[in-house]
Each structure stands twice: as structure tokens, then as C-alpha cells.
1. Please order Tyr62, Tyr26 by the number of other Cβ within 10 Å, starting at the fewest.
2. At 0.36 nm per residue, and after removing the present C-alpha to C-alpha distance, how many nm does the segment from Tyr62 to Lys84 gain when stretched out fully?
3. Would you pull out the residues with amide H under 5 Å of Ile153's amide H, same chain only if 5 or more places away, H placed 1.01 Å from N?
4. Over the Cα atoms of the chain, what radius of gyration and what Dmax do you get, in Å?
5. Order these by the 10 Å Cβ neighbour count, fewest first: Ser80, Ser103, Ser27.
6. Would you list Ile52, Ile149 from fewest to most Cβ contacts within 10 Å?
7. Each label point is 7 Å from the Cα along the Cα-to-Cβ direction; what then is the distance between the points at Lys41 and Lys158, in nm?
8. Starting from the 7 Å offset along Cα-to-Cβ, what nm value, one decimal, do you get for the label separation of Glu24 and Leu49?
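Just so it is clear, none of the values below were taken in a lab; they were calculated from the coordinates. All values derive from a computational prediction rather than experimental measurement. Note: ideal-geometry Cβ built from the backbone for every residue, glycine included; neighbour counts use all protein chains shown.
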Amino acid sequence: MFFCCRKERKDIMSNALARAPQMEGYSPIWCHHHCTKMMVKEFDKEQKLLVIAGSAASLRIYPVPDKEDLWMVDWEVVQSRSEKCNGRIAFTSDQLKAAFGLSNEIFRAGEWLIKRYGGEIAAQFKFIRWKNFLNIPCPGTGHDGDPNISLEIGEKMKNRIRLLLE
């Protein structure tokens, strides 16, 4: 079942909830250090497919069949040869834009995530972002074994998301 959350448009700078998370080095403590290794690996504008991957994780974004304005976001994190975790959630176009830094839309269901973990933009059960650091679907420990995926969003990723949503 897909739940659509209420949203409120605000500029990020006027968002009183935005706050710096606890940092480890130059990234939030909830972001895995392999986030910098995630790169665009495949993009097909015609098929509407984007794959972002690194050595131990991958993210696939593609439209939900027969559903307008819904995108499947699949991720997989491999902890070892015998252990991995994966997940799938649906994003609206607005949530995808906010997650990848293309909008500053604030989602009410993410306010408590920002209060507790620090960040700029969040949507519960979808993502949390601080500047160019993104975790899907939630904050993590920043260490191996987390059931989520961490990305450092680069310009190429942002451009591919723009093209995907056209």
C-alpha cells in the first residue's frame, strides 16, 4: 500500500527545523563512508532507468508501471559474500527531487527525523538528506551492516534525475 504524505513548501533556509547533524569527518554520522564511491552506472532516458552503484551497494530508480508520478526505488547493500540487505519503496516525483537536492520541499512526515538526527530534508520511510549526503530509506549508524544505502550526491546524479523526470 502506498501512503502519500502531506507536504508543505518552504525554502530550506527558512526551515527552522533544519539543523546540522553530528558529523564524522566531513559527512553526517548517519551516512556510511562508502557514500563517496557511489556513481551513475547506467542511465536510459527512453526506458526511464537510473542505476547508481558502488563496490558494495546499488540503487535502481524506474517508474511504477501504470501509475503516474510514482517511481520505484530499489536498493541493495552487500555486507559479505553470504550477507546482504535490500529494499524497495515508492517515491513521488517531488520526493525524488527533494532527495537528490533538486528542490527544497519539506515533508511533514520527516520533521521528527530532522529533529532527532539532523538534516535539511527528510520524508519518513523514504530518505534523509543533509547537503549532498543522502540516506535511503532512513538514517543509519554510518558503519557496515546498516540496512540502508548512503550516497554523496554529485552533479551527474542530479542531472540524471532531472532527465529521468522530464
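1. Details: Tyr62 16, Tyr26 10.
Result, fewest neighbours first: Tyr26, Tyr62.
2. On the way: separation 22, 0.36 × 22 = 7.92 nm, distance 2.17 nm.
The span from Tyr62 to Lys84 would gain 5.7 nm if fully extended.
3. Answer set, sorted by chain and number: Phe133, Leu134.
4. Cα radius of gyration and Dmax of the chain are 14.9, 46 Å respectively.
5. Working: Ser80 9, Ser103 16, Ser27 20.
The most exposed by this proxy come first: Ser80, Ser103, Ser27.
6. Numbers: Ile52 25, Ile149 30.
So the ranking, lowest neighbour count to highest, is Ile52, Ile149.
7. 2.4 nm
8. Placing both labels 7 Å beyond Cα along the Cβ direction yields 3.4 nm.
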